[in-house]
Amino acid sequence: MAATVTWEGLRDLAAFRAENGCAISVYLDLDPSVSPTAGAVDSRVNALLDEIVRSETANSGDLTHKQKQGLRDDVGRLGAFFDEEFSREGSHGYVLFCGGLDNLWQPLALSERVPDLVKVGRVLYLGPLVPLVGRGEGLLVAVVGRERGDLYRLRAGRLEELEEQFDEQPGRHDKGGWSQARYQRHIEKLVQDHFKDVAATLDRRLRRLRRPRVIVVASEETRAEFEEELSNEVKEAVIGWAAAEAHATPAQLLATVEPPLERWRAEQETTAVERWREAAGRNGRAASGWAQTLEAASDGRVELLLFQDGADRQVWECPACGRLAAEGGTCPLDGTRMEERRDGLDLAVHQTLAHGGTVWALRRRQDLDPVEGIGAVLRY
């Protein structure tokens with residue numbers, strides 16, 4: 001089962017720092033175009049494990065004998081896991097975080113692709129996970145009619161059924177001796193009760209699943225009646241409405257909800273970029289480019305970090321306090337000589353998440369091109 005990546009989960013991962021050994025991050029692309037068979041996956045897993053053994057960290061003179069042995073043990077455990085326990089079912093990507101000497105072992109099946117890569121260091125490599133947050137994974141889809149009330153959840157690119165509710169309404173042949181007007185009022189009351197029950201079920205699921213986004217599939221006539229029964233919490237969670245055939249399959253329903261989901265994604269990205277542009281334009285609470293953004297992230301001032309695909313560079317980090325800078329030298333806080341690091345974007349992400357901020361990977365807008373592909377909206 002593919003996991004839903006959340007900001008809370010990323011913040012927990014960002015807070016991890018290996019104190020006794022090394023932190024290993026293994027990412028695996030499971031898209032059928034690059035991993036069509038189990039044999040293809042095995043070959044690429046072996047290549048990634050070999051890369052861990054050859055990594056600069058593994059061969060660093062800074063590691064103690066115990067740490068080097070711990071790293072070798074972790075590679076052995078990873079190999080055994082992929083040989084005996086690993087399953088790609090229902091996932092398009094996979095990540096496994098490992099650090100035996102620090103009691104870390106966290107495999108995550110993912111709903112979307114990630115690049116093949118491994119990183120070995122003191123902290124976990126989180127950059128590839130950021131674009132997966134807020135993409136609609138975990139979305140609830142409510143399919144509502146006068147008799148039907150089914151709930152689905154978007155997981156790993158598929159709709160999985162959560163609830164199936166069918167309240168058969170009486171037909172015209174059931175009228176008996178009732179007057180037409182009285183009989184019609186009776187039917188409408190039953191339909192209204194059905195809508196209330198479905199709305200209550202949706203509300204319960206929303207609360208239980210920590211308030212995911214919702215798309216409702218219903219006819220225009222049904223929408224007007226059903227919307228009246230929704231709680232304020234559900235109304236706030238609804239990001240779109242759609243219509244589908246009465247007996248649409250889950251695959252057909254997914255195709256139906258993709259357009260409103262994609263519109264919502266685009267709106268979210270536009271809103272984030274416009275917030276940054278407005279703040280930067282009035283010389284307000286915004287950072288532009290690597291130097292300003294790294295400084296603000298290190299100070300805990302970043303509310304929203306924005307970056308474009310491919311934005312990365314080497315940066316300098318203080319080994320004592322973790323402060324980041326775009327240029328080398330000594331740390332302005334404690335005077336420690338700063339050390340060069342290659343994964344500047346990932347370090348900026350760590351600093352942002354560690355201080356309670358969020359991150360948005362731009363997929364459509366190119367507004368950050370003039371400022372080195374990175375910027376931030378600041379708290380102060």
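Contact map, region 333-355: first residue open to solvent by 30 Å² or more (accessible area, probe 1.4 Å), second residue assigned to a strand (DSSP E or B) and not hydrophobic (A, V, I, L, M, F, W, C), Cβ cut-off under 6 Å, separation 6 or more or different chains; pairs are R337/T330; E339/E317; R341/E317. Annotation: of all residues in region 147-160 being in contact with a Leu (Cβ under 9 Å, 6 or more places away or on another chain) and within 18 Å of A218 (Cβ to Cβ), the one that is most open to solvent (accessible area, probe 1.4 Å) is R153.
Whether a residue is of a type in the set (K, R) and either in contact with a Lys or Arg (Cβ under 9 Å, 6 or more places away or on another chain) or open to solvent by less than 10 Å² (accessible area, probe 1.4 Å) (or both) was assessed, and R44 does not pass this test.
Tally time: how many residues in region 201-224 are open to solvent by less than 70 Å² (accessible area, probe 1.4 Å) and either touching a helix residue (DSSP H, G or I) at 6+ places or on another chain (Cβ under 6 Å) or under 20 Å from G136 (Cα atoms) (or both)? Final tally of qualifying residues: 11.
Is one or more of the residues making up region 300-313 within 21 Å of W7 (Cα to Cα), acidic (D, E) and open to solvent by less than 60 Å² (accessible area, probe 1.4 Å)? No; the residues of region 300-313 include none that is within 21 Å of W7 (Cα to Cα), acidic (D, E) and open to solvent by less than 60 Å² (accessible area, probe 1.4 Å). Applying the criterion of being of a type in the set (S, T, Y) and part of a helix (DSSP H, G or I) to the residues of region 248-282, the residue that is farthest from the chain's Cα centre (by Cα) is T256.
Just to be sure before I move on: is P107 assigned to a strand (DSSP E or B), out of contact with any Lys or Arg (no Cβ under 9 Å at 6 or more places or on another chain) and not charged (D, E, K, R) in the structure I sent? Yes, satisfied. Here the condition is being within 23 Å of V123 (Cβ to Cβ) and of a type in the set (G, A, S); of A15, A38, A80, A47, it holds for A15 alone.
Only one of these is of a type in the set (G, A, S), open to solvent by 50 Å² or more (accessible area, probe 1.4 Å) and part of a loop (DSSP other than H, G, I, E, B): G90, G61. Name it. Testing whether each residue is of a type in the set (G, A, S), open to solvent by 50 Å² or more (accessible area, probe 1.4 Å) and part of a loop (DSSP other than H, G, I, E, B) leaves just G61.
Inspection of region 68-79 finds a residue satisfying the criterion of being modelled with pLDDT of 95 or more, open to solvent by 20 Å² or more (accessible area, probe 1.4 Å) and touching a Cys at 6+ places or on another chain (Cβ under 8 Å). Only a single criterion out of (1) assigned to a helix (DSSP H, G or I); (2) farther than 27 Å from V133 by Cα; (3) open to solvent by less than 20 Å² (accessible area, probe 1.4 Å); (4) of a type in the set (A, V, I, L, M) is not satisfied by L190, namely (3).
Would you confirm, using the coordinates I've provided, whether G70 is farther than 30 Å from G136 by Cβ and assigned to a loop (DSSP other than H, G, I, E, B)?
Numbers: farther than 30 Å from G136 by Cβ: yes; assigned to a loop (DSSP other than H, G, I, E, B): no.
Taking the combined requirement at face value, the residue does not satisfy it.
Residue check: E274 meets all listed conditions (1) crowded, with 18+ Cβ neighbours inside 10 Å; (2) out of contact with any Gly (no Cβ under 8 Å at 6 or more places or on another chain); (3) at pLDDT 95 or above but one, namely (1). Only one entry of R323, R265, R282 meets the criterion of being open to solvent by 40 Å² or more (accessible area, probe 1.4 Å) and basic (K, R), and that entry is R282. Within region 108-130, track down each residue that is open to solvent by 30 Å² or more (accessible area, probe 1.4 Å) and within 30 Å of K235 (Cα to Cα). Of everything in region 108-130, just one residue is open to solvent by 30 Å² or more (accessible area, probe 1.4 Å) and within 30 Å of K235 (Cα to Cα), namely E112.
The values are calculated or read from the model by the stated rules, or taken from the named source; none is laboratory data. Remember, it's a predicted structure, so these values are computed and weren't measured experimentally. Cβ: placed from backbone, ideal geometry, glycine included. Neighbour counts: every protein chain shown. To get the accessible areas, we keep the full protein, side chains included, count just its heavy atoms, and leave off ligands, DNA and RNA. Shrake-Rupley method; radii C 1.70, N 1.55, O 1.52, S 1.80 Å.
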